[in-house]
Amino acid sequence: MGSKPRVLVIIPAYNEEESIVATVESVVAAGYDYIVVNDGSRDATLAECRSHGINVLNLPQNLGIGGAVQAGHKYALEREYDVDVQVDGDGQHDPAYIADLVKLIQNGADLAIGSRFVQKTDGFQSTFMRRVGITWLSFWIHLFTGECVTDPTSGFRACGRETIEFFCSYYPTDYPEPESIAMVLKRGLSVREAPVKMRERQGGRSSIGGLSTVYYMVKVSLAIWVACWTSATRAK
Amino acid sequence: MTLPMMILAIAFCVAFLYAVLRLVARGRLLLRYSLLWLFLGIVMLLCVLFPNAVFSLSTLVGFVTPANFMLLVGLLMVLAIALSMSVALSRQNTMIKNLTQKVALLEKDIEDGCK
């Protein structure tokens, strides 16, 4: 990798008409190439993007966050980017931290995660119950991989070339973040974290909440276990 | 088993096999997904034609009532078919996802090519 890697910011967007333009503008202001992946939004997300001349990859139907982000990885691979960074379309992630994540990749990490918990920051820390869930997933990943990841649900992440290629072939469909970390670790790739502050979402709604939280925890825990079990056979 | 009952059972099995084959012939059911159903139909038919074999097998395995044995075997076969359908569904899910992504990427290429 040369001194200045080509970086693509992937912005998955599902019904983010209120915040997508502001998110894109902040990424552009930070000086990065970007692609918005419109995941079959039913609101005016696509129209907003078109009218503002935003670079958009338009999925003809809703695939869920996993399929949308994977489409972004495929775009990054096709256009030969060295690093891609996932930044959520709801304005939670501050583009100022992208440089830190890219630096981790340049220093040899294969997957860099923007973590709210690696050191105590005063940004948005999520609710108590969510932190309990995050701690559990952290423990669970540690149990099966031996690695410490403090913020496994973070959707603010950067991937190096090898991880991009891997994710183009294998990426979970729903709630992909924790599971994909386990997959990457079992693949023998390295994961590093950088401290970030997150804001509360500016618009749209979280895909997780209420009764589905239980389903989420069970599904993701099981997925991590299965990922650790199957990836062993497909490691290089 | 009484004769009318046997005739009824045979008629049912034959009708079932015919229904499956007709679906295949009309292109409503792919042959690859019909195989398990055809297998089920043939097993049912064999059970009706040779009930004594079923009774001995049931006793051999340790069932007191052959009907329970039949129910269990039937249930297991339906379970296998249901699982195979989930597998087929998952495969299609992945294929549709890949196609959707490909369509979006190609559309993007076309848009960029026009600029």
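Computed about its Cα centre, the charge dipole of chain A is approximately 580 debye, with only Lys, Arg, Asp and Glu carrying charge at their Cβ.
Remark on A:LEU57: its backbone amide H falls under 5 Å from those of A:VAL36, A:VAL37, A:ASN38, a criterion applied only to residues 5 or more positions apart or on other chains, H modelled at 1.01 Å from N.
Once you have a ≥ b ≥ c as the square roots of the Cα gyration tensor eigenvalues for the stretch A:30-76, tell me rounded if a/c is under 1.5, and otherwise prolate or oblate according to whether a/b is larger than b/c.
On the way: a/c = 2.35, a/b = 1.05, b/c = 2.24.
Verdict is oblate for the stretch A:30-76.
The residues of the stretch A:38-195 present an accessible area of 39 Å² per residue when probed at 1.4 Å with all protein chains retained. Which of the residues in the stretch B:85-112 show a loss of at least 50 Å² in accessible area from their chain by itself to the complete set of protein chains, at a probe of 1.4 Å? So the qualifying set is B:LYS97, B:THR100, B:GLN101, B:ALA104, B:LEU105, B:LYS108.
Less than 17 Å from a label point 7 Å out along the Cα-to-Cβ axis of A:ASP33: which backbone N atoms in the stretch A:64-82 qualify, by residue? Of the residues in the stretch A:64-82, A:71-82 have backbone N under 17 Å from the label point off A:ASP33. Extending 7 Å from the Cα toward the beta-carbon at both B:VAL103 and B:THR59 defines two label points whose distance is 6.1 nm. Computed over the protein assembly as shown, the Cα gyration tensor eigenvalues convert (square root of 5λ each) into semi-axes of 51, 25, 18 Å, ordered from largest to smallest.
For the pair B and A, the buried accessible area comes to roughly 1300 Å² in total, with a 1.4 Å probe and the value rounded to the nearest 100. Rolling a 1.4 Å probe over the protein heavy atoms leaves B:ILE42 with an accessible area of roughly 90 Å².
Quick check: from the Cα gyration tensor, does the stretch A:87-165 come out rounded (a/c under 1.5), prolate or oblate? Oblate shape, in that a/c is at least 1.5 and b/c is the bigger or equal ratio.
With a Cα cut-off of under 27 Å and a minimum spacing of 8 residues unless on different chains, the lysine pairs in chain A number 15. FRET efficiency for the B:LEU79 to A:ASN62 pair, using the beta carbon distance and R₀ = 45 Å, is estimated at 0.90. Among A:TRP229, A:TRP140, B:TRP37, the order of accessible area from largest down is A:TRP229, B:TRP37, A:TRP140, computed with a 1.4 Å probe on protein heavy atoms. Size descriptor for chain B, Kirkwood hydrodynamic radius: 17.7 Å (Cα pairs only, one decimal).
The listed residues A:SER154, A:SER212, once ranked by accessible area (1.4 Å probe) with the largest placed first, stand as A:SER212, A:SER154. Apolar share of the accessible surface for chain B: 77 percent from carbon plus sulfur atoms, 1.4 Å probe.
Classify the stretch A:1-89 as rounded, prolate or oblate from the Cα gyration tensor: take a ≥ b ≥ c as the square roots of its eigenvalues, call it rounded if a/c is under 1.5, otherwise prolate when a/b beats b/c and oblate if not.
The shape class here is oblate.
Cα axis of helix B:31-49 to longest principal axis of chain B: angle in degrees, 0 to 90, nearest 10? The angle comes out near 0 degrees.
Only helices enter this figure: runs of n ≥ 4 DSSP H residues, each worth -39500 (n - 2.57), summed and divided by the residues of chain A, yield -13500 deg cm²/dmol at 222 nm to the nearest 500.
The values are calculated or read from the model by the stated rules, or taken from the named source; none is laboratory data. Since the model is a prediction, treat every value here as computed from it, not as a measurement. Quick reminder, even Gly has a Cβ in these numbers, built from the backbone with ideal geometry, and neighbours come from all protein chains shown. What goes into the accessible areas is simple: the full protein's heavy atoms, side chains included, and nothing from ligands, DNA or RNA. Shrake-Rupley method; radii C 1.70, N 1.55, O 1.52, S 1.80 Å.
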